[in-house]
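Undergrad: Attaching a single structure in structure tokens format; questions to follow.
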Amino acid sequence: MQSIYHLQHDPFGALVDAMVFSGAGGRYETAETIRHLLTYSHQDSLVLGPAGTGKRMLAQQVLKMLEEHWRVAWIDGSETDSLVELLREIVGQLGLGLRLDADPDELLRRVIEITSERTRNDESFLIVVQFADRLPVEMLAKLQMLRGTGDELESRIRQLWLSNSLDDLVGPIDQDDWYVHPLQPLSDPEAEQYIKDRLIAAGDVSGLPIPIKDVHRLNYMAGGLPDRLNELARDYLISATFKTSEAGRSFPLTHVMAGLAALVLVVIAFVYNETVSQPEAVSAVAEPLQSMSAVEKRLAEAVANVEAKQQVLAQDDETTNPAESPSGSDESLPAPVDPADPAVASVFKVSPQSLAIPPVAAAPVQTKQRLLLSAAPEAFTQQLIGVRDKATLEQLVLQFKVPESVDIVESVHKGKAWFILIHGQFATKEAALSAVGDLPSAFKGQTPWVRTFKAIRTEAAR
């Protein structure tokens, strides 16, 4: 994927997370607001949003915007098991130099005193609490006590909490003391900007390699959540890369086969001429000549077989790959192409015994996949999308009126599980294409990849 799109690293991975902050969806403005409140307001900040909305990335951006005199403690609520552990993390990360064997209440009092004193000497302190909704009520109450009272409010430890929702917090908070920042899902235009920002950070400045319509559909499937959009966009580019690489290396195969056949024909002609010019050798050459004729026949069959496969691949590419479509109007999601037929590879073994094209063995199917199990091998189906996360497809299945018409097929791509969603069973390719109007709204406007069940079973067996 990286070499195809000229990327220095995975645009949707952790490395880009550390390098770039996308301001799509007003998130940069939110980060600036939090920075201002932490610096000047009596209120602390509470960021709310479901998992995947980018709360952690937002908090990290806030830290980048703070000046050098800030001392920060980052608390993970999912890994903090006791009040003693919480106070130890705060003391250690803020560099307060206090004894950790003191009574928790006494330690809490000393933390307030020391931070208040050092704040007057131009230091500032901040506690970021990730997964605040996983802390018990006792710990949340102690954290709120760190605000202090009276004059201490001006020199207090500032706090930034991250939570899925206000209702998930086990303890009440005084909203006069807290400013709540809800993170909204990305709109479709915001999703476009988000993906562009990620690609630019990875080295791609040539534009958006995903058609706009597919960006919108990916965002719909992600529910507007940046974290899920990362996964789906990565799967999209991997799928397109896989298809491009398979199509790219399949073209020369026919020419190699034809060249091999021509070479054999030259050898046959040479043997034949030698036989005619030396009648006495007819009996000695007759048997090899007969064997070579069989070789010639098998090679011709192999070449015809491969050429037929190339034509099918070319037709599929014109239907499914918007990057290769002359009109550029087809913007469906790319899907993995079947890898090279094992029958083709056997032709390169020159011995006559190995030149025959072996039939493709029937692939084992999973018993839970009713459609894949019952359909005839030569029947056609619609492949709608391929992703890494099976849960994404399970949600899409719920949108179909007839669950029996849909299957999730598992295979392996680049050593990892790969799941594809197929729909329907059709006698012809044309019938499968004409049934696009029966698809749920999530797939409106796309042209699915029409494939045979035999091809899908072969892919699932690998």
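Undergrad: Taking Leu96, is it closer than 13 Å to Ile157 by Cα, assigned by TED's automatic domain parsing to the domain that holds Arg158 and in a helix (DSSP H, G or I)?
TA: Criteria not met by Leu96.
Undergrad: Select from segment 376-412 the residues that are in a strand (DSSP E or B) and among the acidic types (Asp, Glu) and write down the one among them that is nearest to Gln446 (Cα to Cα).
TA: So, considering only residues that are in a strand (DSSP E or B) and among the acidic types (Asp, Glu), the one nearest to Gln446 (Cα to Cα) is Asp407.
Undergrad: While we're here: Being over 18 Å from Trp161 (Cβ atoms) and either under 35 Å from the mean Cα position of the chain (by Cα) or in a loop (DSSP other than H, G, I, E, B) (or both): is that true of Glu79 here?
TA: Answer is no for this residue.
Undergrad: What single numbered condition from (1) surrounded by 20 or more Cβ atoms within 10 Å (Cβ to Cβ); (2) under 15 Å from the mean Cα position of the chain (by Cα); (3) modelled with pLDDT of 90 or more; (4) under 18 Å from Gly25 (Cα atoms) fails to hold for Arg198?
TA: (3)
Undergrad: Can you list residue pairs whose Cβ atoms sit under 8 Å apart, with the first residue in segment 159-171 being outside the structural domain of Gly49 (by TED's automatic domain parsing) and the second being outside any strand (DSSP E or B) and not β-branched (Val, Ile, Thr)? Count only pairs 6 or more apart in sequence or on different chains.
TA: The qualifying pairs do not exist here.
Undergrad: While we're on this one: Against the definition (in a loop (DSSP other than H, G, I, E, B) and in contact (Cβ under 8 Å) with a residue 60 or more places away in the chain), how does Gly207 come out, yes or no?
TA: Considered against the rule, which asks whether it is in a loop (DSSP other than H, G, I, E, B) and in contact (Cβ under 8 Å) with a residue 60 or more places away in the chain, Gly207 comes out as no.
Undergrad: Another question, if that's okay. For Tyr236, all conditions in the list (1) modelled with pLDDT of 55 or more; (2) surrounded by fewer than 20 Cβ atoms within 10 Å (Cβ to Cβ); (3) within 17 Å of Gly386 (Cα to Cα); (4) not polar (S, T, N, Q) hold save one; what is the number of the exception?
TA: (2)
Undergrad: How many residues are in contact (Cβ under 8 Å) with a residue 12 or more places away in the chain, more than 21 Å from Ser374 (Cβ to Cβ) and loosely packed, with under 12 Cβ neighbours inside 10 Å if we restrict to segment 418-449?
TA: 1
Undergrad: Among residues belonging to segment 361-379 that are touching a helix residue (DSSP H, G or I) at 6+ places or on another chain (Cβ under 7 Å) and among the charged types (D, E, K, R), point out the one that is modelled with the highest pLDDT.
TA: Among them, the one singled out is Glu378.
Undergrad: Got a sec? Which of Glu154, Glu138, Glu190 is assigned to a helix (DSSP H, G or I), under 26 Å from Pro11 (Cα atoms) and either in contact with a Ser or Thr (Cβ under 9 Å, 6 or more places away or on another chain) or not polar (S, T, N, Q) (or both)?
TA: Values: Glu154 fails: under 26 Å from Pro11 (Cα atoms); Glu138 fails: under 26 Å from Pro11 (Cα atoms).
After applying the criteria, what remains is Glu190.
The values are calculated or read from the model by the stated rules, or taken from the named source; none is laboratory data. Only a predicted model underlies this, so the values are computations on that prediction, with no experimental measurement involved. Because the Cβ atoms are built from the backbone with ideal geometry, glycine has one as well, and the counts that use them run over all protein chains shown.
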